[in-house]
Amino acid sequence: MPEGPEQSANSFDPTILIFVAGVAVFALWLIRTSLGRTALVDSPPRRNRMAPYLPFVPFFIWLVGVAILQDVAQRVTGTAAGWRGLFLDNLAFSVAELTAAAAAILIARTTFARGLRGFGLRVKTIPRDLKLGALYLLAVWPLVLAMITVTTEIGKRLFGEQFAIPPHPGLEIMESGALPLRILIVVLAVAVAPLAEEMLFRGLVQTAFRSYTNRPWLAIIFTSLLFATFHTNGTHWPALFVLGVGLGYAYEKSGSLFRPIFMHALFNGITIALTLLEPLPA
């Protein structure tokens, strides 16, 4: 039986409006920047004296820290079953990320001109960065969704119609009934990960690459590739690469690290919210 007008209205997906608005904002950006060619002609340089290896030191701290902390947690508490084991693993991951972020701040304070201000951590820019970060994310959102669609279609042709991009492990964990674990995942996704990853990828790696090449777009692309492949699931890489380009552009355009941090936090937060609001299968 076909849907009536009332049923059709009730089935309208409000996210379509967000998608359309994002397309409009991105189209306006293309027009104003001559298809992106003039987008970064006035991007401010970030003077620094980092050695080539220095941006990767916090990554080493992060990876080694996760392994050590998870091993210590298992030795102290034993092999925790169920959600408790996941809680300890994610807590170790969070502590390791924050330690790496602290290392990034120390590097920035000692090697960037004007210290943390030159790094892009200026408190007075927070209100503007929050507003423009949301606007930038709106423009990038349709591109991320398009890349997810393209990846899914390619996967179906290669592996069959049953192919689907698996959700991020954190989203699967959100389905757990354990409240402490869910709170930790939200804090990790919306606060810890955006703060640490933007400091490491955009703040250190992208800055170093641009300093040696003097080509901001090349630095953005290189860092975005590294950002995508740092995540374990290969089917997520195309969409994460597009997101990374948006984050990198926000940093180069503004010189503020808070702008990509807010974009990253909003992206993760919206993704979690959409997952929780998704109706359960009948």
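Could you please let me know if Thr235 is surrounded by fewer than 21 Cβ atoms within 10 Å (Cβ to Cβ), touching a Ser or Thr at 6+ places or on another chain (Cβ under 8 Å) and β-branched (Val, Ile, Thr)? Against the criterion (surrounded by fewer than 21 Cβ atoms within 10 Å (Cβ to Cβ), touching a Ser or Thr at 6+ places or on another chain (Cβ under 8 Å) and β-branched (Val, Ile, Thr)), Thr235 qualifies.
Exactly one residue out of Leu218, Leu226, Leu276 is touching a residue at least 24 places away in the same chain (Cβ under 8 Å), surrounded by fewer than 15 Cβ atoms within 10 Å (Cβ to Cβ), over 25 Å from Arg128 (Cβ atoms) and of a type outside the set (D, E, K, R): that is Leu276. Helices (runs of 4 or more DSSP H) fully within segment 204-276 that include at least 3 residues being of a type in the set (A, V, I, L, M, F, W, C): 216-229, 237-254. Residues of segment 55-82 that are part of a helix (DSSP H, G or I) and surrounded by fewer than 17 Cβ atoms within 10 Å (Cβ to Cβ): Phe56, Phe60, Leu63, Val64, Ala67, Ile68, Asp71, Val72, Gln74, Arg75, Val76, Thr77.
Matching residues to (1) more than 18 Å from Leu243 (Cα to Cα); (2) buried (at least 20 other Cβ atoms within 10 Å of the Cβ); (3) among the small types (Gly, Ala, Ser); (4) touching a Gly at 6+ places or on another chain (Cβ under 9 Å):
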{"position": "Gly133", "(1), (2), (3), (4)": "no, yes, yes, no"}
{"position": "Val140", "(1), (2), (3), (4)": "no, yes, no, yes"}
{"position": "Ile148", "(1), (2), (3), (4)": "no, no, no, no"}
{"position": "Gly160", "(1), (2), (3), (4)": "yes, no, yes, no"}
{"position": "Glu197", "(1), (2), (3), (4)": "no, yes, no, no"}
{"position": "Phe201", "(1), (2), (3), (4)": "no, yes, no, yes"}
{"position": "Asn214", "(1), (2), (3), (4)": "yes, no, no, no"}
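Applying the criterion of being of a type in the set (A, V, I, L, M, F, W, C) and either touching a strand residue (DSSP E or B) at 6+ places or on another chain (Cβ under 8 Å) or outside any helix (DSSP H, G or I) (or both) to the residues of segment 114-131, the residue that is nearest to Thr15 (Cα to Cα) is Leu121. From the list Asp129, Asp89, the one residue that fits, being touching a residue at least 24 places away in the same chain (Cβ under 8 Å), charged (D, E, K, R) and closer than 23 Å to His264 by Cβ, is Asp129. Within segment 45-71, residues that are in contact (Cβ under 8 Å) with a residue 24 or more places away in the chain and farther than 13 Å from Asn90 by Cα sit with their Cβ atoms under 9 Å from residues that are of a type in the set (A, V, I, L, M) and part of a loop (DSSP other than H, G, I, E, B), at 6+ positions apart or across chains, in these pairs: Arg46/Ala113; Arg47/Ala113; Asn48/Ala113; Arg49/Ala113. In segment 10-29, the residues that are more than 14 Å from Leu145 (Cα to Cα) form Cβ pairs under 7 Å with partners that are aliphatic (A, V, I, L, M) and modelled with pLDDT of 90 or more, at six or more places apart or across chains, as follows: Val25/Leu135; Val25/Leu138; Val25/Ala139; Trp29/Ala139.
Note on segment 16-54: among residues that are of a type in the set (D, E, K, R) and under 14 Å from Ala108 (Cα atoms), the one that is surrounded by the most Cβ atoms within 10 Å (Cβ to Cβ) is Arg46. Do the conditions hold for Thr99, that is, is it crowded, with 16+ Cβ neighbours inside 10 Å, of a type in the set (S, T, N, Q) and in contact (Cβ under 8 Å) with a residue 40 or more places away in the chain? So Thr99 does not fit the description; no. Against the conditions (1) exposed (fewer than 14 other Cβ atoms within 10 Å of the Cβ); (2) on the phi < 0 side of the Ramachandran plot; (3) at pLDDT 95 or above, Gly177 satisfies every one except (3). Between a first residue in segment 229-243 that is within 21 Å of Leu63 (Cα to Cα) and free of Cβ contacts under 8 Å to residues at least 24 places away in the same chain and a second residue that is among the small types (Gly, Ala, Ser) and in a helix (DSSP H, G or I), which pairs have beta carbons less than 7 Å apart while being 6 or more apart in sequence or on different chains? Pairs found: Trp237/Ala228; Leu240/Ala228. For Val186, state whether it is farther than 25 Å from Asn48 by Cα and modelled with pLDDT of 95 or more. The answer is no for Val186. In segment 132-146 there is no residue matching the filter, namely being without any contact (Cβ under 8 Å) to a residue 40 or more places away in the chain, of a type outside the set (A, V, I, L, M, F, W, C) and assigned to a helix (DSSP H, G or I).
The values are calculated or read from the model by the stated rules, or taken from the named source; none is laboratory data. Here the structure is a predicted model, which means the values were calculated and not measured. FYI the Cβ positions are ideal-geometry reconstructions off the backbone, even for glycines, and counts take in every protein chain you see.
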